[in-house]
Each structure stands twice: as C-alpha cells, then as structure tokens.
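A.B. asks: Just passing along the structure, written as structure tokens.
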Amino acid sequence: MNQTTRKQQLKNLAAWTFSWVLSTALVVFGAEFIWDGNAWITMAALAVNVLVGIGMILSNRRLLENCDELEKKIQLESMGLTLGLTLVVGIAFSMMDATNLIPFDAEIAFLVMFMGICYMLAIWFNNRRYR
C-alpha cells in the first residue's frame with residue numbers, strides 16, 4: 001500500500017473512532033443531562049452508537065486488509081495478546097468484585113483502559129521485535 005493510501009485510511013479510521021467515542025459520550029451524558037433519561041431517545045442514540053461502532057470496525061478491517069505481511073503479523077500478534085490478557089485479567093477483576101476483594105465495582109471502563117494500554121504496548125514491542 002502506498003503512503004498516501006495508508007494515510008487516508010488512517011485518517012478514516014481516526015474519524016470513525018473519534019465519532020464512536022463521541023457517540024458513546026452522547027449516549028451516557030445525553031441521557032443524564034440533555035434528554036432527562038427518555039428511553040426512546042436513549043435507544044435511538046444507542047442504535048447510532050452501535051452503527052458508528054460497526055463503521056469503525058469496518059474501517060479498521062479495510063486498513064488491515066491493505067497492510068503488508070509484516071504489518072499484518074504485528075497486528076495479529078498484538079490483537080491476540082491483547083484478547084488473551086483482557087479475557088484473563090477481566091475475569092479475574094470481575095471475580096475480585098464478586099468476592100469483595102476490591103472495595104469498588106469492577107466497571108467496564110477499567111477493562112477498556114487496560115485493553116487499550118495492552119494493545120499499544122503490544123504494538124510497540126512487536127514493532128521493535130520485528131523491525
């Protein structure tokens with residue numbers, strides 16, 4: 001893939017990701033501060049959020065389809081490691097909450113942050129490893 005195409009696909013993915021984050025915030029904060037918990041508006045905003053999320057996934061897929069073999073290997077290994085760590089740590093975190101080993105609720109936001117950090121570190125390490 002040439003650099004111009006790659007940059008365009010990265011910009012496209014960034015736009016979809018940013019839109020998904022904004023739509024997620026709209027669902028959560030809109031229901032609380034804008035439309036006072038109206039269930040129909042919340043469901044509509046949630047439907048938009050899911051559709052934008054699907055657009056983000058498809059944009060990421062298009063980017064990965066056009067990567068060279070090394071980039072695909074780095075991404076696949078990073079995603080696999082992230083999935084495994086997130087599953088193991090997420091279940092352990094949930095069990096810590098269920099058994100009251102932690103003094104707070106095991107919120108999904110913690111798991112999402114953990115996943116993002118794992119993925120970024122895995123990409124960084126795999127790039128150093130293979131390049």
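The values are calculated or read from the model by the stated rules, or taken from the named source; none is laboratory data. Keep in mind the model is a prediction, meaning the values are calculated, not measured. Please note: Cβ atoms are built from the backbone with ideal geometry, for glycine as well, and neighbour counts cover all protein chains shown. Only protein heavy atoms, including side chains, enter the accessible area calculation; ligands, DNA and RNA are left aside. Shrake-Rupley method; radii C 1.70, N 1.55, O 1.52, S 1.80 Å.
A.B. asks: May I ask you to say which residue of V52, V89 is in contact (Cβ under 8 Å) with a residue 24 or more places away in the chain and either under 30 Å from K7 (Cβ atoms) or open to solvent by less than 40 Å² (accessible area, probe 1.4 Å) (or both)?
C.D. replies: After ruling out the rest, the residue left standing is V52.
A.B. asks: Within the range 10-17, can one find any residue that is modelled with pLDDT under 95, loosely packed, with under 14 Cβ neighbours inside 10 Å and small (G, A, S)?
C.D. replies: No, there is no match, as no residue in the range 10-17 is modelled with pLDDT under 95, loosely packed, with under 14 Cβ neighbours inside 10 Å and small (G, A, S).
A.B. asks: Could you tell me whether the range 35-49 includes any residue that is surrounded by 12 or more Cβ atoms within 10 Å (Cβ to Cβ) and closer than 30 Å to Q3 by Cβ?
C.D. replies: no
A.B. asks: Still on this structure: If I go through the range 98-127 residue by residue, how many of them are in a helix (DSSP H, G or I) and either within 12 Å of E77 (Cα to Cα) or within 23 Å of the chain's Cα centre (by Cα) (or both)?
C.D. replies: 20
A.B. asks: Residue pairs, Cβ under 6 Å, 6 or more apart or interchain, first in the range 14-39 and more than 30 Å from R61 (Cα to Cα), second open to solvent by less than 50 Å² (accessible area, probe 1.4 Å) and not hydrophobic (A, V, I, L, M, F, W, C). List them.
C.D. replies: A31/G37; A31/T42
A.B. asks: Would you confirm, using the coordinates I've provided, whether F125 is open to solvent by less than 80 Å² (accessible area, probe 1.4 Å) and either in contact (Cβ under 8 Å) with a residue 60 or more places away in the chain or of a type in the set (A, V, I, L, M, F, W, C) (or both)? Break it down stepwise before answering.
C.D. replies: Numbers: open to solvent by less than 80 Å² (accessible area, probe 1.4 Å): no; either in contact (Cβ under 8 Å) with a residue 60 or more places away in the chain or of a type in the set (A, V, I, L, M, F, W, C) (or both): yes.
Taking the combined requirement at face value, the residue does not satisfy it.
A.B. asks: May I ask you to list the residues in the range 65-80 that are surrounded by fewer than 12 Cβ atoms within 10 Å (Cβ to Cβ) and within 14 Å of L13 (Cβ to Cβ)?
C.D. replies: First, the residues of the range 65-80 that are surrounded by fewer than 12 Cβ atoms within 10 Å (Cβ to Cβ): 65, 68-69, 80.
E65 - this is the single residue of the range 65-80 that is surrounded by fewer than 12 Cβ atoms within 10 Å (Cβ to Cβ) and within 14 Å of L13 (Cβ to Cβ).
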